[in-house]
Structure formats: C-alpha cells, structure tokens
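Below is one structure, written out as structure tokens; the observations come after it.
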Amino acid sequence: MSTSDHSAVPVPAPASFAVTVADVELEPDDLDPAQIVSGDPVVTGKVLWESADGRQVRGIWQITPGVVTDVEANELFVVVSGRATVEVEGGGTLELGPGSACVLREGDKTVWTVHETLRKAYHISY
C-alpha cells in the first residue's frame, strides 16, 4: 500500500477496463504460516486498481483448499468459483459459492474452511 499523500497533486483516474476474472493470471501472495490451521493452502492474487492514497484496493484473490484464520478488512467481494465456509467470531457462519456476495467488517476474526479452490473479485477500503 502506498502511504504517501497525493492530495496536493491530482492523479488522473486510469481508463475504464474489464477483465474476465477466471482468466486473470494471479501472482503468489504470502500467507503467514501462523494463519494455517490445517492443510497446505496457497494464496495468489492480482491488484487491478489501487487509489493514489492506498485506501481503496480492487482485485482478484484465490486460495486453495485448507483451513486458515484471518483478521478482515472492510471488504465486499463476489465469489467467482469454488466453495468455502467462513466462521465469523461472535457472528454467523457464511457458506460461500459461485455468485455469493459477501461483506466483511474491518476487524472481524474469521476461520476460512476452503472446500474447493475459491476465487473472488474484491473491493477493500482501509
């Protein structure tokens, strides 16, 4: 994330674009070994757009089967493929599959049980 202040100089918005989420080539993304509860999950992703101040990020993210913990950001995502169960500490259990739209609150502590490799398109606000 960019932490510099770009408010003094306007930054033009990038041109509008479209991608086929299933076809985007993803890059390795670090997964802290302390987050892995079971299995050997691998995370990949691709940032498609980030605001100049780093407070808004849009992209694609994927995780292979396994069980991991996380502390969430303020996020909206739509599952494109795969299946997972997400348990939110002090909240409900979310069953996710293709077409699921999900909103996670910043600070939510979650346990993700990924049944089938899950790919999602997301928007995160920091």
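Quick one: length gained pulling residue 94 to residue 64 fully straight, 0.36 nm per residue minus the C-alpha distance? Working shown, then result.
Details: separation 30, 0.36 × 30 = 10.80 nm, distance 1.77 nm.
That pair, residue 94 and residue 64, stretches by 9.0 nm at full extension.
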GluC sites (Glu not before Pro) restricted to DSSP loop in segment 40-95 with at most 13 other C-beta within 10 Å: 89
Förster radius 25 Å - calculated FRET efficiency between residue 37 and residue 16 (Cβ-Cβ, nearest 0.05): 0.05
Set of segment 41-66 residues, backbone N closer than 15 Å to the point 7 Å along the Cα-Cβ line of residue 87: 66
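Please report, in whole Å³, the volume per residue of the convex hull around the C-alpha atoms of the chain. Show your work: numbers first, answer last.
Values: hull volume 14.5 nm³, N = 126.
So the per-residue hull volume is 115 Å³.
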Modelled label reach - residue 26, point 7 Å along Cα→Cβ, segment 94-121 residues with backbone N closer than 13 Å: 114-121
Surface accessible to a 1.4 Å probe, per residue, for the residues of the chain, Å²: 60
Sites matching trypsin sites (Lys or Arg not before Pro) across segment 69-126 that sit in DSSP coil, with at most 12 neighbouring C-beta atoms within 10 Å: 105
Average Cα contact separation per residue, the chain, under 8 Å, 6 or more apart, as relative contact order %: 27
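The values are calculated or read from the model by the stated rules, or taken from the named source; none is laboratory data. Here the structure is a predicted model, which means the values were calculated and not measured. Quick reminder, even Gly has a Cβ in these numbers, built from the backbone with ideal geometry, and neighbours come from all protein chains shown. Note: areas computed on protein heavy atoms with side chains; ligands, DNA, RNA excluded. Shrake-Rupley method; radii C 1.70, N 1.55, O 1.52, S 1.80 Å.
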